[in-house]
């Protein structure tokens, strides 16, 4: 007797999100149920497909934004209010957006020789160029693939 | 994921989480412009929020802000998340000469991204927070303000739908 099929316990099993009792039940069930073993493989494939998506980041994104902003939050005082008034959200957003608008031509040079990462980046840029050609209001955001999580 | 007593600086948050925030938005929307806009908006909200932040589950706080900012952006634009551009062989073949296996990898990524965008939002969000951002079920529950059991169910059903779409 292997009991009811495992259903959503299988995804939680893959993610290490089961309690000890649940995990024991899953392992025992899988030993005797080919249907659940097949489903586990399918779920693992879908999970792996998403987890293997490349990690993307606009080039220099974090560095540029952090350069535009105060390094630490400031206490709420009259002086701080004055400082904040000089860095209103709209001004900050405009500055950050400007920092992200990069010359597409420089991207390949900056990342040349990075193999597969360059291909992903170039493809993204090609696609983005198409978008911009359709909608000139879009800003040109430089995309690179980075390694690791 | 940590529960820190110390309040991080805005700069630390940007460096530690900026890329994940960008990827969260990109995988949910399929649009690099939306992703960049979202990341900027989130970091702006974080900067403001840190002034009054009470130490606790920082990741829960951060991803709640991120999720709400994304939903606000979608509502503001009053349009559905943008599907990726249709397969464009010209775009791929115009890239510098590429090994077949690299192109195959890119195609797989496109297929997966396309399938993700076909999932109903709640399922897509749960899958992305789990498999792209790397949050635990408990952290996803805190971010989305739903029970952990619902998180488990959404991730499972989302993956089953993905499997069907990917064939």
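Each reported figure results from applying straightforward, stated rules to the coordinates on display, with no laboratory input. Everything quoted here is computed from the prediction, not taken from an experiment. Cβ coordinates were reconstructed from backbone atoms using ideal geometry, including for glycine residues, and neighbour counts include every protein chain displayed.
Residue by residue through B:124-134, how many Cβ atoms from other chains fall within 10 Å of the Cβ on average?
Numbers: counts 1, 0, 0, 4, 2, 0, 6, 9, 5, 1, 2.
So the per-residue partner count for this stretch is 3.
Using 0.36 nm times the number of residues separating residue B:76 and residue B:12, minus their current alpha carbon distance, what extension gain do you get?
Numbers: separation 64, 0.36 × 64 = 23.04 nm, distance 2.87 nm.
Computed gain between residue B:76 and residue B:12 is 20.2 nm.
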Just grab the label-to-label distance for residue A:15 and residue B:118, each label 7 Å out from Cα along the Cβ direction, in nm (one decimal). 2.3
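Using only atoms on other chains, find how many Cβ atoms lie within 10 Å of each Cβ of peptide A:31-43 and report the average. Kindly include the intermediate steps, with their values, before the conclusion.
Numbers: counts 0, 0, 0, 0, 0, 0, 0, 0, 3, 0, 1, 6, 6.
Counting Cβ atoms of other protein chains within 10 Å of each residue's Cβ and averaging gives 1.
Suppose R0 equals 51 Å. What FRET efficiency, 1/(1 + (r/R0)^6) with r the Cβ-Cβ distance, do residue B:150 and residue A:67 give to the nearest 0.05?
Details: r = 41 Å, r/R0 = 0.80.
Efficiency, rounded to the nearest 0.05: 0.80.
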Can you figure out the FRET efficiency of residue B:51 with residue B:165, using R₀ = 45 Å and their beta-carbon distance, to the nearest 0.05? 0.55
Give the average, rounded to an integer, of partner chain Cβ atoms located within 10 angstrom of each Cβ in B:35-46. 5
